[in-house]
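J.: Encoded as structure tokens, here's the structure I'll be asking about.
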Amino acid sequence: MHQYVTLRRTALASTMAVILTASFAYSMPASAKDLGREVLASGDGWGSYGPGVTGGSTADSSHVFEVNTWQELRDALGGTKAQNETTPRIIYVKGTINAMENSEGNGVMTCNALAKQVTVADTGKAFSMDDFIEHFNPEGPWGMVTPSGPLEDARIEATKLQGKQVQQRFGSNVTLIGVGKNAHIIGAHLLVRDVSNVIVRNLRVSDAYDCFPEWDPTDGSAGNWNGLYDNLSIMTTQHAWIDHVTLDDGEHPRQSLPKVYGRTFQVHDGLLDITHSSNYVTASYNIFDDHDKVNLIGSSDSRIDDRDKLKVTMHHNHWRNPGQRAPRVRFGQVDVYNNYAEVLAAKDFTSLWGVGFESAIYAEKNAIDLAEGIPASKIIKRYAGQHILTEGNLVNGEPTDLLAVYNAAVSAPDRLTDDVGWSPTLRLHVDDVNEVKAIVTRQAGAGILPSHLP
């Protein structure tokens, strides 16, 4: 028998306060697991290096929470000062949580409602993204010039308002765990930054939707819209385990996004990005579903502090229809093995493995299915990197030397070598590549693990 604590809101005079109320003990079926107390197994990827990842597994009863609203989740993590929290805690997520929920719990805010809280200087008018789009149309008087002035200032202010609403940081020594098959967080930017020892498991995390994306006419030859939020960001963090999480674009899949100025109105950034000198991360049995820029590992070529950092293992993950970055790597020693990637259409597909500056990807025994018209040579793309090791991989069921195929398709300056300078040792088990597709499609994603409240 175990005790857990639930967060519930109750009215106190004219204000709303969050209080802790103890719930009755619950007897867990013998066959069920308390995932909140589980830790990353020794030897399971880079996350297990050194002290490993234990998350909040040692939390006492006063730091075990059950949440089913956005405000409850934020409070359980520590609110606006969560990044300073180090006391172990376990947070169980039940049902669906929407990050755009009003703090009073009586509805969901819209992008327009946020915009109306911002006044455009010198006009007295509320900010509107439609007004922004009309004003900065590159075919009009403004031209292909970076936005500036009152409307751009108002867009930035509106972005800050949304950030306060949807972005939530973690503390150290935290386990965030979904209960059952339907634990779901929508519209949030979960930010694991400047902390250590974090576990996220058995959750669906959807649609980190940017209401007010940035227009950058200097991004590429035709400009681009850029969304601000990742579903899950790991930044300047040591030791993390992301396991059995499904990450997707929810009700705004990339195929549904309109074209504005002839470019996709991109309201999303990454699904899971690991950047800014983060280190010792294992990502296992996750689904990355139908997204363009899926996984960025490493921040920029100029961030030399990332050297000897960004050690990441990705195994038994399922990339469903990725556009690119599965993953794209800078600096890091990244172990990519026993994953399954299926690319469903040639349109908008760039590559899977991005070989960035000083990166060292070790890609072994992955299964990849490519739609008709996509050559195997497009699986790898060079972004200033020099090396990638590929071994024992299948493409459309056939053994394929992906490095050789890539090198044969590019000119001499873009050719890569397999001299990555390291070999993985932190692996519990490597499955036969012929079994990978079946294993991953059966076992990856949220709702697979038998999870119950303690």
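J.: What strands (runs of 3 or more DSSP E) lie completely within the stretch 34-139 and have 3 or more residues being over 21 Å from the mean Cα position of the chain (by Cα)? I'd like the intermediate steps shown before the answer.
T.: Numbers: elements: 64-67, 89-93, 96-98.
Output list reads 64-67.
J.: From (1) assigned to a loop (DSSP other than H, G, I, E, B); (2) under 26 Å from R201 (Cβ atoms); (3) β-branched (V, I, T); (4) in contact with a strand residue (DSSP E or B) (Cβ under 6 Å, 6 or more places away or on another chain), pick out the condition that doesn't hold for V420.
T.: (2)
J.: Moving on to the next point. Looking for something basic (K, R) and farther than 20 Å from Y92 by Cα - is there at least one such residue anywhere in the stretch 203-211? Show your work before the answer.
T.: Going through the stretch 203-211, the residues basic (K, R) turn out to be 204.
Narrowing further to those that are farther than 20 Å from Y92 by Cα: none.
No.
J.: Restricting attention to the stretch 194-234, report how many residues are in a strand (DSSP E or B), farther than 25 Å from K33 by Cβ and over 13 Å from the mean Cα position of the chain (by Cα).
T.: Adding up the residues that qualify gives 6.
J.: Follow-up. So is W70 aromatic (F, W, Y), within 21 Å of T282 (Cβ to Cβ), modelled with pLDDT of 95 or more and buried (at least 21 other Cβ atoms within 10 Å of the Cβ) or not? Spell out how you get there, then give the answer.
T.: Numbers: aromatic (F, W, Y): yes; within 21 Å of T282 (Cβ to Cβ): no; modelled with pLDDT of 95 or more: yes; buried (at least 21 other Cβ atoms within 10 Å of the Cβ): yes.
No.
J.: Among the residues of the stretch 105-132, how many are charged (D, E, K, R), modelled with pLDDT of 95 or more and more than 25 Å from W70 (Cβ to Cβ)? Steps first, please.
T.: Taking the stretch 105-132 and keeping what is charged (D, E, K, R), we get 116, 122, 125, 130-131.
With the extra rule that they be modelled with pLDDT of 95 or more, the set shrinks to 116, 125, 130-131.
This time we only want the ones that are more than 25 Å from W70 (Cβ to Cβ), so: 125, 130-131.
Selection size over the stretch 105-132: 3.
J.: If you don't mind, there's one more thing I want to ask. Look at P454 and say whether it is of a type outside the set (G, A, S), modelled with pLDDT under 95, more than 17 Å from Y337 (Cα to Cα) and surrounded by fewer than 16 Cβ atoms within 10 Å (Cβ to Cβ).
T.: Values: of a type outside the set (G, A, S): yes; modelled with pLDDT under 95: yes; more than 17 Å from Y337 (Cα to Cα): yes; surrounded by fewer than 16 Cβ atoms within 10 Å (Cβ to Cβ): no.
In short, no.
J.: Checking A188 against (1) over 24 Å from T264 (Cβ atoms); (2) in contact (Cβ under 8 Å) with a residue 60 or more places away in the chain; (3) not acidic (D, E): exactly one of these is not met. Which one?
T.: Result: A188 passes all but (1).
J.: If I filter the stretch 192-237 down to residues being closer than 24 Å to E157 by Cβ and aliphatic (A, V, I, L, M), which single residue comes out as surrounded by the most Cβ atoms within 10 Å (Cβ to Cβ)?
T.: A208
J.: Considering each of V108, V64, V120 in turn, give the residue that is more than 19 Å from I199 (Cα to Cα) and touching a Pro at 6+ places or on another chain (Cβ under 9 Å).
T.: Numbers: V108 fails: touching a Pro at 6+ places or on another chain (Cβ under 9 Å); V64 fails: more than 19 Å from I199 (Cα to Cα).
The unique qualifying residue is V120.
J.: Quick one: which residue in N317, N407 is farther than 22 Å from L296 by Cβ and either out of contact with any strand residue (DSSP E or B) (no Cβ under 6 Å at 6 or more places or on another chain) or buried (at least 21 other Cβ atoms within 10 Å of the Cβ) (or both)?
T.: Details: N317 fails: farther than 22 Å from L296 by Cβ.
That would be N407, the only listed residue that is farther than 22 Å from L296 by Cβ and either out of contact with any strand residue (DSSP E or B) (no Cβ under 6 Å at 6 or more places or on another chain) or buried (at least 21 other Cβ atoms within 10 Å of the Cβ) (or both).
J.: Here's a follow-up. Does any residue in the stretch 235-246 that is touching a residue at least 12 places away in the same chain (Cβ under 8 Å) and closer than 21 Å to A446 by Cβ come within less than 6 Å, Cβ to Cβ, of a residue that is in a strand (DSSP E or B) and of a type in the set (S, T, Y) six or more places away or on a different chain, and which pairs are these?
T.: W241/T282; D243/S284
J.: Considering only the stretch 333-367, how many residues are assigned to a loop (DSSP other than H, G, I, E, B), over 20 Å from N279 (Cβ atoms) and in contact (Cβ under 8 Å) with a residue 24 or more places away in the chain? Walk me through how you get there before you give the answer.
T.: Kept after step one, since they are assigned to a loop (DSSP other than H, G, I, E, B), are these residues of the stretch 333-367: 338-339, 344-352, 356-359, 365-366.
Those still in the list that are over 20 Å from N279 (Cβ atoms) too: 338-339, 344-352, 365-366.
Checking which are in contact (Cβ under 8 Å) with a residue 24 or more places away in the chain leaves us with 338-339, 344-346, 348-352, 365-366.
Residues meeting the conditions: 12.
J.: Out of F265, F288, which single residue is within 10 Å of the chain's Cα centre (by Cα), farther than 26 Å from N173 by Cβ and at pLDDT 95 or above? Explain how you work it out, then say what you get.
T.: Values: F265 fails: within 10 Å of the chain's Cα centre (by Cα).
Of the residues listed, the single one that is within 10 Å of the chain's Cα centre (by Cα), farther than 26 Å from N173 by Cβ and at pLDDT 95 or above is F288.
The values are calculated or read from the model by the stated rules, or taken from the named source; none is laboratory data. None of these values were measured; they are calculated from a predicted model. Don't worry about glycine lacking a Cβ; one is built from the backbone with ideal geometry, like all the others, and counts go over all protein chains shown.
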